[in-house]
Amino acid sequence: MRNLESRKKIGFYLVIAVLLAGCTGIPSATDAPVQETVPTAETVEPTTPSLEQLTPEPVDILQGCPVPSDTTSLYISRENGYCFLYPLGVEVSLNPDYPQDLWLFGQTLQNGSQEAPRVSLVVYATGQAAGLDSAGYADKYLNSLGDPVESNREELTVDNIPAIVQHNLPSFFGEQSAFIVAGDYKYRISLMPEPEAVPGLADNLEALWTTVLSSIHFFAPEHDFALVTSNQVCPVETADTKVLIDEASGYCFAYPVDFSPVPGFLGRVEGGPVLDTLADFGEVRTSITLGTFGKAAGKTPREVIQPHLDLIDNATIMDMTLGGYPAVVYRNPQGPWAARVAYIVGIEDTVYTIVAQPLEPERWPAGVEGFDRLWNTVVNSLQFFTPFR
């Protein structure tokens, strides 16, 4: 009897084990396929988010833009990262050479002069801030002008961002500029002329200025504002050389210590012995001058100089690389003495020029050593970086 009861118990437990195996998905001893159970109302099934659920909703960068009224229009620049309102009737224009500069033109004051003042506002998108805030941007801009400027400063808020307005900036009829660092990018908004300078345009100037500054909204620009700084590329001074840096033009170079920059002539270095004294030019000394010549518009250096071939000793034209960019170098025989000239298509498609003179070894043999040493020092150290705008 006890054995019979034991067998009954064992049989009962086997039935329970088989039932549990079916419920939990554990294979039974006979390896029979297990049917999936249908969840009851109390069963909570774990869910895996879909790809759509994991991807955040795209942010509408334009949601902060103002809404135009019956007296204003809306301008949006995804490329440069801003939108704003401006009064109806204002002309909007982009400079193809500088697509980060937006011009707005309003009323012209007909005063019978060829220099008739016109309501003008420019929104400059000037690239990465590189650690500057609005005040630091304004300070650096003022320093880049060279001579001290009697400019009054005003603090205000633009798009909830602290901004600086500088008045009395140098311009034909005066200029005021708002300096704004929004996120990691610099912007300058300039009004010309200043309202006080031309009372006949004051109302229109104030309306344009107020409308733009009170409505502008900044967001991340789509344009890739690449940044190469002077600290990254410029040479360092040595016992034999000094360094000239032009932040506004975006170049730097070393030059021999016995040569000196020319005051009031940025980019020019001269020195060595006085080679001659001419009635129309005074003392003649060896010099080299760097400058800019607009945009290349996709042209090669040879294509840039094509219109000037009548001024060039064509047999002397050489292709080379200067400062890491394509260039042509040639002898220009025009003027009171010959010069060695270079055209370089440099950073941001900017054309840079170098003029080294006088290139007259037979006429002034005393200048040969200094000319060669100056030229070689400059061109072998020349570097380009993002111009400060």
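Read-outs throughout are calculated quantities, based only on the coordinates presented, and are distinct from any laboratory measurement. The structure displayed is predicted, hence computed values, not measured ones. Here the Cβ positions follow ideal geometry from the backbone for every residue, glycine too, while neighbour counts run over all protein chains shown.
Segment 331-389: which GluC sites (Glu not before Pro) are DSSP loop and have at most 13 other beta-carbon atoms within 10 angstrom?
Sparse-neighbourhood loop GluC sites (Glu not before Pro): Glu362.
Placing dummy labels 7 Å off each Cα toward the beta-carbon, the span from Ser93 to Val67 is 3.4 nm. Cβ-Cβ distance of Asn168 and Val228, R₀ of 25 Å, FRET efficiency by 1/(1 + (r/R0)^6): the value works out to about 0.15. Taking GluC sites (Glu not before Pro) across segment 172-279, the ones in a DSSP loop with at most 14 further Cβ atoms lying within 10 angstrom of their Cβ are Glu222, Glu237.
Cβ crowding within 10 Å ranks Lys242, Lys299 as Lys299, Lys242, fewest other Cβ atoms first. Distance between the modelled labels on Val274 and Val236, one decimal in nanometres: 3.9 nm (7 Å Cα→Cβ projection).
Taking the number of other C-beta atoms within 10 Å as the exposure measure, put Thr321, Thr300, Thr211 in order starting with the fewest. If you can, show how the numbers build up before the last one.
Details: Thr321 9, Thr300 15, Thr211 21.
In order of increasing Cβ crowding within 10 Å: Thr321, Thr300, Thr211.
Give me the Debye-computed log₁₀ of I(q)/I(0) at q = 0.20 Å⁻¹ for segment 230-384, equal point scatterers on Cα only, no solvent, two decimals. Evaluating at q = 0.20 Å⁻¹ gives log10 I(q)/I(0) of -1.36. Over 29 Å apart at the Cα level, from the set Lys140/Lys295; Lys242/Lys299; Lys140/Lys299, are Lys242/Lys299; Lys140/Lys299. How much net charge surrounds Val122 when only other residues with a Cβ under 9 Å from its Cβ are counted (Lys, Arg +1; Asp, Glu -1)? Result for the local shell: 0. Here each label is just a point 7 Å from Cα along the line to Cβ, and for Trp103 and Ala202 those points are 2.7 nm apart.
Applying the criteria of a DSSP loop state and at most 13 other Cβ atoms within 10 Å to the GluC sites (Glu not before Pro) of segment 105-157 yields Glu115, Glu150. Neighbour counts of C-beta atoms inside 10 Å place Ile305, Ile344, Ile354 in the sequence Ile305, Ile354, Ile344, starting with the fewest.
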